[in-house]
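The structure under discussion appears below in the form of structure tokens.
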Amino acid sequence: MERAPINRVVILGGGSAGWMAAAALKRVFGALTEITLVESEAIGTVGVGEATIPGIRLFNQLLGLDEDAFLKATQGSIKLGIRFDDWLEKGHSYIHGFGDVGLPLAGLGFHQYWLRAREADATSAGDLWRYSLNVQAALAGRFSRPEVVAPNRMGGLIWAYHFDAGLYARMLREWAEARGVVRVEGRVANVGLRPDDGFVEALTLEDGRRVEGQLFIDCSGFRGVLIEEALKTGYEDWTDWLPCDRAVAVPSQGVGTVTPYTRSRARDAGWHWRIPLQHRTGNGYVYSSRFIDDEAAAADIVSQLDGPPLLEPRVIRFTTGKRNRMWNKNVVALGLASGFMEPLESTSIHLVQSGLEKLIRLFPDTGFDPALAAQFNRTMDAEFESVRDFLVLHYRATRRDDTPFWRHCRGLPIPPGLQRKLASWRASAVLPDEEDDLFKPTSWLQVLLGQNVQPNGRHRLADAIRDDQLAGFLNDVGGLVAQGLKPLGGHDDFLRRLSMTGTDVGSGSAAA
């Protein structure tokens with residue numbers, strides 16, 4: 001086959017995944033590539049209120065989106081971390097905050113010194129999260145951009161967003177169409193495959209129109225119209241590790257303070273999410289249908305709403321796992337078409353972003369060298385598996401035995417990668433830090449200790465300083481956090497000023 005540059009990309013499906021793909025590819029390739037997005041207003045999207053992790057800011061920077069304009073357009077709020085309630089046991093809470101916890105000393109992680117101090121006197125060592133600026137700001141309901149904070153060795157806040165996924169998709173659509181992306185309204189009636197190699201050649205719509213392309217991106221949701229229905233790629237089911245298979249979502253009227261964190265509250269057969277936006281609150285119950293039926297799950301989430309429901313509860317069925325290959329022939333699957341990881345750690349948008357980054361780096365020509373697809377699949381598989389292992393930790397590390405669901409979770413099998421990481425942690429408090437891990441050492445630290453997975457030992461180098469030096473070091477770091485907290489304004493005040501003017505809350509730059 002003659003090799004030539006790809007100049008026609010077709011994206012099937014809109015929503016946040018489809019329009020992220022359209023915007024990113026147009027931003028990077030510009031006039032080099034024609035991009036067509038096919039979607040139908042008659043087909044809804046799964047998207048509800050979205051919670052994200054800090055990488056979303058890099059994506060918005062790529063597009064040059066003004067942060068204030070983005071927050072206003074999507075009714076967004078700031079996210080500094082996730083609060084986990086009742087996961088270890090009822091009445092227990094901790095926050096997985098973004099950013100560092102403490103500061104390293106002499107090349108050794110802060111937690112090793114904290115563990116030494118706790119051995120001697122747990123009271124004087126203090127709570128681990130005392131040493132996290134993000135967590136302390138989240139608990140106090142504060143947020144300001146770095147330019148209003150006096151710099152110190154702790155640095156500033158690290159943040160992500162809560163936003164309305166439908167409004168985000170609309171914003172991206174406007175951005176992309178203004179730069180030449182062509183949107184085609186219609187439903188796919190047939191996927192045409194080339195007879196010689198089985199590659200997708202064109203999409204035929206219900207009205208007979210034909211949309212041809214060279215590279216196809218499948219953002220068609222759980223169905224996987226291209227990757228699965230047309231190419232029969234297959235799916236790897238991870239339900240044995242992550243037993244939840246349904247979610248019921250319902251938005252409610254916002255009341256009271258808009259907290260700068262997502263809330264995850266363990267319930268009898270799964271967990272509730274709470275995502276605070278400016279105009280409403282996103283709520284949902286992720287659960288296992290083996291332990292509760294849809295009607296009872298809907299009743300449970302409605303009974304826990306902070307404000308009146310705005311819509312009827314909507315049930316979403318899913319199978320946790322991933323496609324056997326996310327890049328198959330000339331089709332690359334993104335979003336729900338590629339796989340599904342429950343939103344416990346807000347990874348959905350990031351996995352779309354990560355897939356786009358890898359696709360752009362490995363962008364093929366019309367020869368579609370198999371080595372490129374193999375590399376893409378290997379790295380995406382590894383990232384999905386690392387996220388899976390992190391989520392399994394939340395379920396497996398629990399003391400709860402008050403319901404059949406939680407008794408089941410305590411006996412869940414542990415994936416090999418998680419077994420390896422837990423063994424290192426228990427041996428000497430060594431935190432996971434592997435190339436393919438989305439979640440870095442401080443994330444593992446907070447969830448491990450937040451759910452009381454204690455190490456049996458620690459690093460010997462933590463004994464290299466005297467007791468008085470150790471106490472001084474911890475006091476110094478705690479003081480830096482307190483110093484960084486003082487100038488921060490209220491998160492509600494930030495959103496109020498943003499809503500009124502959009503100009504007096506800082507620079508507004510997405511690079512801020």
> Counting only Cα, what are the radius of gyration and maximum Cα-Cα distance Dmax of the chain, in Å?
Replying inline: 23.6, 79
>> Can you tell me the convex hull volume per residue for the stretch 419-485, based on C-alpha atoms, in Å³ to the nearest whole number?
In response: 128
> Quick one: in the stretch 261-302, what % of C-alpha pairs are over 16 Å apart?
Replying inline: 35
>> How high is the relative contact order of the stretch 219-277? Use alpha-carbon pairs under 8 Å, at least six apart in sequence, and give a whole percent.
In response: 20
> Taking the DSSP beta bridges in the chain as the whole, what percent of them are antiparallel, to the nearest 5?
Replying inline: 75
> How large, in Å, is the stretch 236-313 by the Kirkwood hydrodynamic radius built from its alpha-carbon pairs?
Replying inline: 13.0
> Hey, what number do you get for the chain at 222 nm if only DSSP H runs of n ≥ 4 count, each worth -39500 (n - 2.57), divided across all residues, to the nearest 500?
Replying inline: -11000 deg cm²/dmol
>> Report the gain in length on full extension from D433 to V28: 0.36 nm times residue separation, minus Cα-Cα distance, nm rounded to one decimal.
In response: 142.8 nm
> What nm distance separates the two modelled labels at D196 and H408, each placed 7 Å from Cα along Cα→Cβ?
Replying inline: 5.1
> How many nm separate the modelled label positions at N324 and E295, each set 7 Å beyond the Cα in the direction of the Cβ?
Replying inline: 4.0
> Do any trypsin sites (Lys or Arg not before Pro) in the stretch 97-157 lie in a DSSP loop with no more than 16 other beta carbon atoms within 10 Å, and if so, which?
Replying inline: R153
> Given just the C-alpha atoms of the stretch 375-512, how large is their convex hull per residue in cubic angstrom?
Replying inline: 230
>> For the stretch 275-379, what does the convex hull of the Cα positions come to per residue, in cubic angstrom?
In response: 141
> Is any residue of the stretch 186-225 close enough, with backbone N under 18 Å, to a label point placed 7 angstrom from the Cα of F363 along the Cα-Cβ axis, and if so, which?
Replying inline: 213-218
>> Are there any trypsin sites (Lys or Arg not before Pro) in the stretch 374-468 that are in a DSSP loop and have at most 14 other Cβ atoms within 10 Å? List them by number.
In response: R399, R466
> What angle, in degrees between 0 and 90 and rounded to the nearest 10, separates the Cα long axis of helix 165-178 from the longest principal axis of the Cα atoms of the chain?
Replying inline: 50
>> Report the gain in length on full extension from A69 to R265: 0.36 nm times residue separation, minus Cα-Cα distance, nm rounded to one decimal.
In response: 67.4 nm
> Relative contact order, percent, of the stretch 66-192 when contacts are C-alpha pairs under 8 Å separated by at least 6 residues?
Replying inline: 32
>> Largest first and in whole Å, what are the equivalent-ellipsoid semi-axes of the stretch 27-109 based on the Cα gyration tensor, each being the root of 5 times an eigenvalue?
In response: 35, 23, 13
> Once the piece of chain linking Q61 and E174 is laid out straight, how much longer is it, given 0.36 nm per residue of separation minus the C-alpha distance between them?
Replying inline: 39.0 nm
> Say a paramagnetic label sat at a point 7 Å from the Cα of D306, along Cα to Cβ; which residues of the stretch 230-274 have their backbone N under 20 Å from it?
Replying inline: 248-267, 271-274
>> Give the average over all directions of the projected area of the C-alpha convex hull of the stretch 90-184, one decimal, in nm².
In response: 11.6
> Once label points are set 7 Å from the Cα along Cα→Cβ at both E236 and I43, what is their separation, rounded to one decimal in nm?
Replying inline: 2.6
>> For a Förster distance of 22 Å, can you work out the FRET efficiency between the beta-carbons of D401 and Q454, rounded to the nearest 0.05?
In response: 0.70
> Arranged by the count of other C-beta atoms within 10 angstrom, fewest first, what order do E89, E119 take?
Replying inline: E119, E89
>> Longer than 30 Å from Cα to Cα, which of K358/K486; K232/K421; K79/K358 are they? Say none if no pair is.
In response: K358/K486; K232/K421
>> Once you order the gyration tensor axes a ≥ b ≥ c over the Cα atoms, which shape class does the stretch 174-294 get: rounded for a/c under 1.5, otherwise prolate or oblate by comparing a/b with b/c?
In response: oblate
> Got a sec? Which residues in the stretch 427-461 would a label at L108 touch, if it sits 7 Å along Cα→Cβ and we count backbone N under 20 Å?
Replying inline: 427-433, 441-442, 445-446, 449, 454-461
> In whole Å, what are the Cα extents of the stretch 1-149 along the three principal axes, biggest one first?
Replying inline: 69, 39, 37
> Mind listing the Cα extents of the stretch 61-132 along all three principal axes, in Å, largest one first?
Replying inline: 51, 38, 16
>> If I fit a long axis through the Cα atoms of helix 348-361 and take the longest principal axis of the Cα atoms of the chain, what angle between them do I get, 0 to 90°, rounded to 10?
In response: 60
> If r is the Cβ-Cβ distance from R317 to E2 and R0 is 45 Å, what FRET efficiency results, to the nearest 0.05?
Replying inline: 0.50
> What FRET efficiency do you get for A382 and D207 if R0 is 30 Å and r is their Cβ-Cβ distance, rounded to the nearest 0.05?
Replying inline: 0.10
>> Just want to confirm a number: the relative contact order over the chain, from Cα pairs under 8 angstrom separated by 6+ residues, in percent.
In response: 24
> Ordered by packing density, taken as the mean number of other Cβ atoms within 10 Å over each peptide's residues, highest first, how do 336-345, 100-109, 232-241 rank?
Replying inline: 336-345, 100-109, 232-241
> Cα extents of the stretch 117-249 along the three principal axes, largest first, in whole Å?
Replying inline: 72, 44, 31
>> Check which residues have an amide H placed less than 5 Å from Y235's amide H, if you skip close sequence neighbours.
In response: N324
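Quick note: the coordinates plus some simple rules give every number you see, no bench work behind them. Just so it is clear, the model here is predicted, and its values are computed rather than measured. Positions of Cβ are backbone-derived with ideal geometry, glycine not excepted, and every protein chain shown enters the neighbour counts.
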